[in-house]
Amino acid sequence: MVVQEGDGNGWVVSDAGDRRWGRFGAAGLLLRAADPTDPDVPLVLLQHRAVWTASGDTWALPGGARDSHEEAAEAALRETEEEAEIRPADVTVRAERVTSSMPGTVWHRPGLDMRHVARMMSRLRPDQRHTDEPGGAKSGEGESGGEKAPRIPPLVQVSEDRVEWTYTTVVADAPGVLDTVPNNESLELRWVPESQVAELPLMPAFAAAWDNGLRTEPVELVVDVANVLGSRPNGWWKDRAGATTRLLEELSAGMPRTLELPGGKGGDSGSGAVSESESFGWVARAHAVIEGKARDADHDGPFEIHRASGSGDDEIVSLSTELDRGPRRVVVVTADRGLKARLPGGVVVVGPRALLG
């Protein structure tokens with residue numbers, strides 16, 4: 001695919017000399033999909049970074065510098081398409097996290113021919129080192145055929161104005177294990193079981209973020225269908241059974257999925273990450289409680305249907321209490337405060353927007 005050069009290329013350099021790539025920050029895509037052999041197992045798409053890239057020969061997320069006009073999700077999806085040939089249309093964004101930050105000033109290399117740099121860097125071995133000094137990195141060595149390549153110019157400070165560099169992790173789901181095609185920034189692209197991610201030699205910044213709130217925990221989801229249905233004024237009251245069927249079809253299209261949860265641990269602010277209070281769950285098992293006229297709804301998808309003979313709230317409390325004894329975190333989707341007060345203390349409650357977006 002043809003890649004257009006953006007305006008985000010450049011470094012933010014701290015007072016201590018630490019560098020972060022991306023004049024306007026950077027973003028990466030944390031993409032999950034269910035293991036085809038076991039939907040309870042989330043797979044994560046990881047990139048084995050080429051040796052010539054920053055923190056080369058480590059594993060991290062597809063991503064890169066943001067351009068000045070881009071939101072974080074736009075940048076992460078664009079970079080993933082460039083580095084893995086995954087189309088943005090095939091991905092559902094669930095959340096965003098600023099997982100690292102650093103104050104500094106912007107530096108760049110004037111007159112830099114990026115095509116020359118890509119050719120030169122692609123030939124570097126892991127034991128070679130690049131430096132900005134004139135004698136370093138063998139930057140004056142010739143191209144094939146004896147043609148002398150231009151030396152990489154030194155970094156130059158753009159201005160003295162302070163900026164806040166941030167890295168945003170964009171959390172997303174794919175409907176299945178998508179095919180990937182790596183570009184020259186990757187040694188390999190691999191779908192890795194989430195439980196095995198930490199076993200790889202990770203990029204240090206990604207390793208820190210992974211341990212501070214990016215992992216998922218297995219979730220047993222219970223949906224208060226009447227409450228979720230009532231959260232949207234789309235005429236559902238005219239045909240409750242039909243509206244319930246359509247709602248379950250809509251929710252089923254995104255399963256299994258990542259779900260944003262309140263009350264988890266967040267980033268380590270001491271290492272430059274921005275602290276967050278949320279965590280994530282992996283939903284492969286889900287229950288839908290329906291009552292009244294909605295009990296005639298049809299569904300043959302991933303939701304286990306519970307047709308309450310009486311009060312739907314009573315059925316949800318009973319079901320949640322039973323599931324809470326199991327190994328998975330129980331999450332109830334409802335905006336009903338009275339119902340929330342009746343649930344066991346270990347149950348997490350999220351509002352309808354957590355599912356509907």
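The values are calculated or read from the model by the stated rules, or taken from the named source; none is laboratory data. Note that this is a predicted model, so its numbers are computed, not measured. Neighbour counts run over all protein chains shown; Cβ positions are idealised from the backbone, glycine included. Protein only, heavy atoms only, side chains kept; ligands, DNA and RNA dropped before computing areas. Shrake-Rupley method; radii C 1.70, N 1.55, O 1.52, S 1.80 Å.
Filtered by the rule that a residue be modelled with pLDDT under 95 and either surrounded by 21 or more Cβ atoms within 10 Å (Cβ to Cβ) or touching a strand residue (DSSP E or B) at 6+ places or on another chain (Cβ under 7 Å) (or both), the stretch 273-284 gives A273, V274, E276, E278, S279.
Given the structure, is E79 at pLDDT 95 or above, at negative phi and touching a strand residue (DSSP E or B) at 6+ places or on another chain (Cβ under 6 Å)? Judged against the criteria, E79 is a match. Among the conditions (1) closer than 23 Å to P39 by Cα; (2) at pLDDT 95 or above; (3) not in a loop (DSSP other than H, G, I, E, B), M255 misses just one, which is (3).
Here A54 meets the list (1) touching a residue at least 40 places away in the same chain (Cβ under 8 Å); (2) under 18 Å from T168 (Cα atoms); (3) open to solvent by 20 Å² or more (accessible area, probe 1.4 Å) almost entirely, failing just condition (1).
Checked across the stretch 163-186, the condition of being part of a strand (DSSP E or B) and modelled with pLDDT under 95 holds for at least one residue. Looking at the stretch 38-53, which of its residues are more than 17 Å from F280 (Cα to Cα), of a type in the set (A, V, I, L, M, F, W, C) and under 20 Å from the mean Cα position of the chain (by Cα)? L46, the sole residue that qualifies.
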